[in-house]
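A quick write-up on the structure given underneath.
The values are calculated or read from the model by the stated rules, or taken from the named source; none is laboratory data. Everything numeric here is computed off the predicted structure, so don't read it as measured data. Cβ: placed from backbone, ideal geometry, glycine included. Neighbour counts: every protein chain shown. Just so you know, the surface numbers come from the protein's heavy atoms only, side chains and all, with ligands and any DNA or RNA stripped out. Shrake-Rupley method; radii C 1.70, N 1.55, O 1.52, S 1.80 Å.
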Amino acid sequence: MAMEQVNGNGPEEPIDTPEVSRSEHFAALLEAGLPQNVAEKLDELYVAGECVCVCLVAHSDLDERALEALKEFNEEGALQVLVQFKESDLSHVQNKSAFLCGVMKTYRQREKQGTKVSDSTKGPDEAKIKELLDRTDYTLDVTTGQRKYGGPPPEPVYSGAQPNVGTEIFIGKIPRDLFEDELVPLFEKAGPIWDLRLMMDPLKGLSDVILYHQPDDKKKNRGFCFLEYEDHKTAIQPEESPPGGQWRECSFNT
């Protein structure tokens, strides 16, 4: 609590100084050798993650390797990495330590290239993604550079062995702003999906289909994916009878 003198006369009046909330792990971050400001920024994520309505990160989510890698950055770089990490969609990230390492790796690559991360206004609609997952009971696992939907699918859908060769198809020329909530309903018309792998920039997030994205575009895929069905007969259907509409220019190859 600080004291302030009013107009230079009379007694000083107390001014309430808000206390910054710190997690029980803040001291450990300092002991690990993180700079004060970096430790404070990371601890802010810990504190926010303790709120049930926020899906950020807990101290137990980050291993020693991630903290050691963060220490290799100068203070400005480490703070920017943590800002990008915080702004990423972590709701389906199972290995957050590896994800943070991926963010750091991408940051270094872009730093060498002299490029900056650009912000996009559109990304996956999390409400629609949740609605899809609730309907299908499939899992969605977001890692560094990939969003994987299924693989394997839930047992009520398929409980056999993993599909053999000839069940995966390549789909090209996909609109670059589409995500699982639009891709899955289209592809499941042919039959049950084994998995859909969507490759992303480490600072983005996606699911089921394999899509590869431009390194400077945080919210778009790179226009193609790999989709795996449970058998060959199902896999050739999209190629034989491709969908129309916005998909008429897409290419399908088994």
message: Give me the extension gain from GLU87 to ASN37: residue separation times 0.36 nm, minus the current Cα-Cα distance, reported in nm with one decimal.
response: 16.2 nm
message: If I compute solvent accessible area with a 1.4 Å probe over the protein chains, what percent of it on the stretch 54-115 is carbon and sulfur?
response: 45
Amide proton proximity set for VAL93, modelled H, under 5 Å, gap of 5+: VAL142
- prompt: So, in nm, how far is label ARG65 from label LYS112 when the simple model puts each one 7 Å beyond its Cα toward the Cβ?
  reply: 1.9
- prompt: Within the stretch 157-199, whose backbone N sits under 15 Å from a point 7 Å along Cα→Cβ of GLU131?
  reply: 179-186
